[in-house]
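The values are calculated or read from the model by the stated rules, or taken from the named source; none is laboratory data. Here the structure is a predicted model, which is why all the values come from computation and not from measurement. When we count neighbours, we look across all protein chains shown, and the Cβ atoms used for this are built from the backbone with ideal geometry, even at glycine. SASA here: full protein model, heavy atoms, side chains in, ligands and nucleic acids out. Shrake-Rupley method; radii C 1.70, N 1.55, O 1.52, S 1.80 Å.
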Amino acid sequence: MSRGTERTPGWIVLETFSDDHPSVVFEGTPRVFKPLTRRRNFNSSAVTEKILKTVRSVQNGAHAEDARAALPDGTDVLIRALPVLGPDGVYGSQVWLGEYGQPVGEPRTVEAYSFDPVTCLTHHGPGVDRNILSINPIEAKRPSHHQIFEFYDDFSKQSDVGEYVETLVTDIPPSGDSRFFDADICLTDGRGIGRTIHVSMGYAPDAHGRPEAKGILHDVTDHVPHRVDYALAMTKKLAAQDHPAMGRAIIDVTTGIALQWLNPPIGALTPWLTGLPDFTEQGREAATNLRKRVLARSVYAEFTTPIRFTGTGDWIDARIGFEHYGENQGLMTVREN
């Protein structure tokens, strides 16, 4: 800490699940569980003490809270802390730091989840499905790893996750830096928008000492552009081609209209052979956004959306993929999800 601290206003993100000392996981860019005392901006002992007090209050009450502190030269600093909600409580806070009286920026998209390494079940906080995945909240069941995988476009550290999970269930609990895991995951959300989500996960056993990991999910697309792992896209394409119930059609990529069915759709999707399905508003948006992406990048992309056909009335979860072949033509794959 010093009198020469930077004074750039903005949001920082703290995790509060690992121990009694919250650490910074975002300050302008994603951070790897950095001590709060090592932040760049508005760093003084008085401001740090007030941040900690405010964050603890937010954690206990699960509500937003404002506070005020002063730098050594007398500059008043506004501290605004918002809770980051996990499935069973507050897992962190996003905190605004800026000179008092300055405008406060829009909060960032930050949510939280927990992971049980014994059952391999993930439990979402109340905002994950809506604000991170842009899908309707899943009420009856937790998403399987396969279903979550369908959202991913790039996850370069995916192979490291298994090793990390193994450390959580050993006889000797992880300690030091081995308690933590962080990574960027690029995904396509339910609206067909490419996003980069930074994951900050840490070992946090429950009240009975049972191993558990808790994590922060933070949309950092404005700092880390969305990208596509072409090997992963090819893997999804090959998996789709091998699916026995897959319908395939040559399409006009701009409109999505099927020009010729190479393999007719089957089952509940059979009416697509002679008519167009109805989409939800979000489904139409996702289809349009993904077709624009494949036109620009010539990469296979999939999404899941409810559709229905005139006269049936029933909504069907369909898995739809697009690929650009040249000019304005491409391939569409369809199957029941």
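At a glance:
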{"item": "Acute angle (nearest 10 degrees) that the helix 158-168 long axis makes with the longest principal axis of the chain, alpha-carbon atoms", "result": "50"}
{"item": "Between 0 and 90°, nearest 10: helix 230-242 axis offset from the chain longest Cα axis", "result": "40"}
{"item": "Longest segment of the chain lacking GluC sites (Glu not before Pro) that sit in a DSSP loop with at most 12 other Cβ atoms within 10 Å", "result": "140-326"}
{"item": "About the Cα centre, charge dipole magnitude for the chain (Lys/Arg +1, Asp/Glu -1 at Cβ), debye", "result": "500"}
{"item": "Accessible-area order (highest first, 1.4 angstrom probe) of the listed residues His208, His218", "result": "His208, His218"}
{"item": "DSSP bridge orientation in the chain - percent antiparallel, rounded to nearest 5", "result": "100"}
{"item": "C-alpha long axis of helix 45-61 to longest principal axis of the chain, angle in °", "result": "50"}
{"item": "Other-chain or far-sequence residues with amide H under 5 Å of Val77's (modelled H)", "result": "Ala69, Ala70, Leu71, Tyr100"}
{"item": "Positive-pole candidate from His223, Phe33, His123, dipole of the chain, charges at beta carbon", "result": "His223"}
{"item": "Bridge type composition, region 1-108 - antiparallel percent by DSSP, nearest 5", "result": "95"}
{"item": "Shape category assigned to region 254-337 from the gyration tensor of Cα positions, a/c cut at 1.5", "result": "prolate"}
{"item": "Accessible-area order (highest first, 1.4 angstrom probe) of the listed residues Ser93, Ser57", "result": "Ser57, Ser93"}
{"item": "Asp206 - accessible surface, heavy atoms, 1.4 Å probe, Å² rounded to 10", "result": "60"}
{"item": "14 Å Cα-Cα reach of Lys50 towards aspartates and glutamates, excluding residues that sit fewer than 8 places from it in its own chain", "result": "Glu65, Asp66, Asp76"}
{"item": "Separation in nanometres of the label points that stand 7 Å from Cα toward Cβ, at Ile250 and Ala296", "result": "2.7"}
{"item": "Shape call, the chain: gyration tensor on alpha carbons, a/c limit 1.5", "result": "prolate"}
{"item": "Accessible area per residue, Å², region 68-126 with all protein chains present, probe 1.4 Å", "result": "41"}
{"item": "The chain: most fluctuating residue of Ile266, Ile320, Ile172 per GNM, C-alpha cutoff 10 Å", "result": "Ile172"}
{"item": "Pair Leu52, Trp315: separation of 7 Å Cα→Cβ label points (nm)", "result": "4.8"}
{"item": "Neighbourhood net charge (15 Å Cβ-Cβ; Lys/Arg +1, Asp/Glu -1) for Arg291", "result": "0"}
{"item": "Interchain or long-range residues, amide H under 5 Å from Gly330's placed H", "result": "Ile251, Val253, Tyr325"}
{"item": "Full-stretch length increase - His63, Leu276 - with 0.36 nm per residue and alpha-carbon distance subtracted", "result": "72.0 nm"}
{"item": "Gyration tensor verdict on region 1-50 (Cα atoms; rounded if a/c is under 1.5, prolate if a/b is larger than b/c, oblate otherwise)", "result": "oblate"}
{"item": "Helical mean residue ellipticity (222 nm; -39500 (n - 2.57) per DSSP H run of 4+; nearest 500) of the chain", "result": "-6000 deg cm²/dmol"}
{"item": "Furthest towards positive pole of dipole, Ser93, Ser23, Val104, structure part region 11-106, Cβ charges", "result": "Ser23"}
{"item": "Choice from Gln102, Gln282, Gln260 with maximal GNM fluctuation in the chain (Cα, 10 Å cutoff)", "result": "Gln102"}
{"item": "Debye, to nearest 20: dipole size of region 192-337, +1 on Lys, Arg Cβ, -1 on Asp, Glu Cβ", "result": "260"}
{"item": "Accessible heavy-atom area order of Trp272, Trp315, highest first, probe of 1.4 Å", "result": "Trp315, Trp272"}
